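Here the structure comes first, spelled out in structure tokens, and everything after it is commentary.
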Amino acid sequence: SDSTDAHRMPRSRASRPRGIPWVVAVAGLVLVGGGRGEDPSINSTVLTPAHFRSFHLATWAVDFGAVDDEPLMYPQYPWDEEIGGKGTILWDPMDNMYKAWYISQPGIEYTTYNSSEGASRMITYATSKDGVEWDRPMLDIVPWNGTSSNILLKLDGSSEVSYACVFIEPNEANISRRYEMLALLSARPDNFKDKAPAKGQVIYRYFSSDGMHWIPENVIVAGPCHGGTWCSDSLYINKLPNGSLVAILKHGPPSGAPPGGFVPFDIAAGGARWIFTSVSNDNGLSWSAAELSLSPDWRDGAGFQVISSISSIQANNAVVGWLPVFHSLSQTIDMQLCASTDGGQSWWRPERRSAVAFKELGYYGGGMMWPYRLFVPDQADPTKLHAYFSGCQGRHADIHSTLPGERFAEMREEWVSYGAWGYTNVELGSKASKELYSPIKSTNWFRGALMRATWEVDRLWALIPAAGGDIPGQAITVTHSNVTGYTLIVNVKVHNQTRSRRLGELTVEVLDAATANPVPGFELESCVAVGSDSHRSVVTWKGGRTMPPSTAGVQLRFVLLRARLYSFQLCPPVGDCVSP
């Protein structure tokens, strides 16, 4: 064993946690995880609080994803004025290309101002050889006003199709079932007449031989919420290697409110939206009761709302996620990174800042970020990890609108017998800074383009000094047992942003777990400081370069000075390194 039982990485399927797709990573980048689903994984380790027992002047910091200067795919056709998220982008090993099943929406000349922001959304299709240049093939599957389009699935009228969860199984013997899609539809398609309610959010399953021509299979009517319903307009479904389905859904909490309460123009209009998880072991026929897996805490102020399901990818020791967070005060949606070490039953966020910087409001990526189901590893460069998203130009709501109050004022003049009723615009501020405000919840149409954020695959967030400058931070790990003779390898980045302009460094002290005292020869002053940028740097001491003998196990005290610690591994003399 490399560590205590509480922090040991599961080694067999029987011990794997229930929840998000579990994929065992091997050396290099794993693109096919075994079993059905073909969701990607990454061969990297992320740090979480579970690695440590003590912190002093140390804090967590995300690395910001680098966003391409221009959107990768702009709206181009009458039916894709919005290029939305809420779909799936992944690498197809059968055709050796990236494929996107994305949500699009026509312009207001087709949906009218009286329609909801989700009116007439449909599933559309694009392909790319490099993940940057995208092609929208013109098909005859769903014509648009008599002409070819890249639309794959559309409902009549203003009904909505969203959250297209696509899985690829190249080894499926039945060619017609090599692609599978689970999608959330707000109305019943014609070819499902006898199997689903006419209205209401329900999951529909399709199969395809090519990812374009989809054949209806069955309807997943019973959901995980009260009364056996699908209580969410926002969910992603993932699949375990054994075929079990895992739904990550946005839904209202059983009780309570975010810290600080609500603001009048909260998206939930007086309610809250948190993340719940549910599992089906019978291919969707029945679901476990939805369990709360992420909610606001003391670091989330008034106006925090979960707006969409969590996008994810499996790393060595955790599931890495992207949580879209809605901010009521600005009516914007940003991206916060998160991780789960228990298979999606609970999620931890290293920071409450967005890991992707906004563009200026009014430009694509300036107002809202809507993610796709999965992070996507780069096929040409395995050191890169991408998160595709719909970057919208505007806010979620028209928060400066005075129209509602004006309309109520007109009605009051006509219907004087009703007395004083309805909403009234409010004046905020004083003197010359006065501004009219309408305390009525509203929703804008979303106008987005396809965008992408990119990280180094093993550098998503780090432990850093809390103060910076010449003040070091430190953290002490939990106990690691049976690691005598193991080598310590760290992924660390240093910088020189201080008065002295000297590069920072990382040093490590080995403590005896029984006494909490330094092991002789492995004290802090005996450590050879790591003072360069390295993804795999071996830590050495005057006492040697491998872990000393210890009956009770050892703990590691990391001291950071202008340094970022992304991960550490303990490597035996023979065999694979261990990610504690």
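Here are the numbers for this structure:
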quantity: Out of Phe358, Phe389, Phe326, sole residue that is touching a residue at least 24 places away in the same chain (Cβ under 8 Å), closer than 15 Å to Ala453 by Cα and open to solvent by less than 10 Å² (accessible area, probe 1.4 Å); calculated: Phe389
quantity: Residues of the range 545-575 that turn out to be assigned to a loop (DSSP other than H, G, I, E, B) and either in contact (Cβ under 8 Å) with a residue 60 or more places away in the chain or within 21 Å of Glu456 (Cα to Cα) (or both), as a count; calculated: 10
quantity: The range 114-169: number of residues that are among the aliphatic types (A, V, I, L, M) and in contact with a His (Cβ under 7 Å, 6 or more places away or on another chain); calculated: 1
quantity: Filter pass, Trp287 being more than 14 Å from the chain's Cα centre (by Cα), over 30 Å from Tyr566 (Cβ atoms), among the aromatic types (Phe, Trp, Tyr) and open to solvent by 10 Å² or more (accessible area, probe 1.4 Å); calculated: yes
quantity: Single unsatisfied condition, Ser401 versus (1) in contact with a Gly (Cβ under 9 Å, 6 or more places away or on another chain); (2) open to solvent by less than 30 Å² (accessible area, probe 1.4 Å); calculated: (1)
quantity: Residues of the range 270-282 classified as open to solvent by 50 Å² or more (accessible area, probe 1.4 Å) and touching a strand residue (DSSP E or B) at 6+ places or on another chain (Cβ under 7 Å), total; calculated: 1
quantity: Qualifying residue in the range 483-497 (condition: touching a residue at least 60 places away in the same chain (Cβ under 8 Å) and on the phi > 0 side of the Ramachandran plot); calculated: yes
quantity: Selected residue (criterion: least open to solvent (accessible area, probe 1.4 Å)) from residues of the range 219-231 that are free of Cβ contacts under 8 Å to residues at least 40 places away in the same chain and under 15 Å from Ala187 (Cα atoms); calculated: Val219
quantity: Strands (runs of 3 or more DSSP E) (entirely within the range 425-482) containing at least 3 residues that are more than 26 Å from the chain's Cα centre (by Cα); calculated: 426-428, 435-437, 473-477
quantity: Conditions (1) touching a Leu at 6+ places or on another chain (Cβ under 9 Å); (2) loosely packed, with under 15 Cβ neighbours inside 10 Å; (3) of a type in the set (Asp, Glu); number of the one not met by Glu160; calculated: (2)
quantity: When residues of the range 64-85 are limited to those that are of a type outside the set (A, V, I, L, M, F, W, C) and touching a Pro at 6+ places or on another chain (Cβ under 8 Å), the one most open to solvent (accessible area, probe 1.4 Å); calculated: Glu81
quantity: Filtered residues of the range 193-212 (kept if at pLDDT 80 or above and either among the polar types (S, T, N, Q) or surrounded by 14 or more Cβ atoms within 10 Å (Cβ to Cβ) (or both)); calculated: Gln201, Val202, Ile203, Tyr204, Arg205, Tyr206, Phe207, Ser208, Ser209, Gly211, Met212
quantity: Filtered residues of the range 305-331 (kept if within 16 Å of the chain's Cα centre (by Cα) and not aliphatic (A, V, I, L, M)); calculated: Gln305, Ser308, Ser309, Ser311, Ser312, Gln314, Gly321, Trp322, Pro324, Phe326
quantity: Filtered residues of the range 528-564 (kept if within 17 Å of Phe55 (Cα to Cα) and aromatic (Phe, Trp, Tyr)); calculated: Phe558
quantity: Unique match (being more than 18 Å from Tyr372 (Cβ to Cβ) and at pLDDT 95 or above) among Ser244, Ser159, Ser186, Ser149; calculated: Ser149
quantity: Qualifying residue in the range 522-544 (condition: touching a Phe, Trp or Tyr at 6+ places or on another chain (Cβ under 7 Å), crowded, with 18+ Cβ neighbours inside 10 Å, assigned to a strand (DSSP E or B) and touching a residue at least 24 places away in the same chain (Cβ under 8 Å)); calculated: yes
quantity: Enumeration of residues in the range 422-469 that are open to solvent by less than 30 Å² (accessible area, probe 1.4 Å) and at pLDDT below 80; calculated: Ser438
quantity: Yes/no for Arg178 being at pLDDT 90 or above and either more than 25 Å from the chain's Cα centre (by Cα) or open to solvent by 10 Å² or more (accessible area, probe 1.4 Å) (or both); calculated: yes
quantity: Among residues of the range 318-356, those that are in a loop (DSSP other than H, G, I, E, B), of a type outside the set (Lys, Arg), more than 16 Å from Tyr372 (Cα to Cα) and modelled with pLDDT of 90 or more, counted; calculated: 7
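The values are calculated or read from the model by the stated rules, or taken from the named source; none is laboratory data. As the structure is a computational prediction, the values presented were derived from the model and not from experiment. Cβ: placed from backbone, ideal geometry, glycine included. Neighbour counts: every protein chain shown. Quick note on the areas: whole protein, heavy atoms, side chains included, nothing else; ligands and nucleic acids left out. Shrake-Rupley method; radii C 1.70, N 1.55, O 1.52, S 1.80 Å.
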